[in-house]
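Worksheet for the structure shown next.
The values are calculated or read from the model by the stated rules, or taken from the named source; none is laboratory data. These numbers come from a predicted model, not from an experiment. Glycine gets a Cβ as well: all are built from the backbone with ideal geometry, and neighbour counts include every protein chain shown.
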């Protein structure tokens, strides 16, 4: 085999090796990009789930407060109704005034508690590839 033919053959093998290397590198880059996209989607899904859990917790707390207020009103209305049925107007007025003041205190407490609850937890900022 002549040196010129050997050199050309070696160059062709080198070009084929470079092409295969580039193909392998591209394949690996695509695979890494898919993994990064999957990780980003997992973070987004976790953020959505955490936000949904936060909203459920806030709704549950509001309903608990509301049902507590309704029950308190029911009990207070029963006390006032008993006094009215006994025709004890001064006691009925006293019970009604006590109910109003208790309701006002509960409203203030509920409003102060709800100020911190209205803030949504910070969501994770998705990583964007340049």
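Quick notes
Yes/no per residue for (1) over 29 Å from residue 112 (Cβ atoms); (2) loosely packed, with under 10 Cβ neighbours inside 10 Å:
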position	(1), (2)
5	yes, yes
8	yes, no
23	yes, no
40	yes, no
65	no, no
84	yes, no
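- Complete set of residues in the range 102-112 that are within 23 Å of residue 74 (Cβ to Cβ) and either modelled with pLDDT under 70 or surrounded by fewer than 11 Cβ atoms within 10 Å (Cβ to Cβ) (or both): 104, 105, 108, 111
- Any hit, the range 67-77, residues being within 31 Å of the chain's Cα centre (by Cα), in a helix (DSSP H, G or I) and surrounded by 11 or more Cβ atoms within 10 Å (Cβ to Cβ): yes
- Failed item in (1) under 30 Å from residue 97 (Cα atoms); (2) modelled with pLDDT of 90 or more, with residue 58 passing the rest: (1)
- Taking every residue in the range 37-61 that is in contact (Cβ under 8 Å) with a residue 40 or more places away in the chain and pairing it with any residue that is part of a helix (DSSP H, G or I), at least 6 positions away or on another chain, the pairs with Cβ-Cβ distances below 7 Å are 58/117; 61/117.
- Check on residue 97, modelled with pLDDT of 75 or more and out of contact with any helix residue (DSSP H, G or I) (no Cβ under 8 Å at 6 or more places or on another chain): yes
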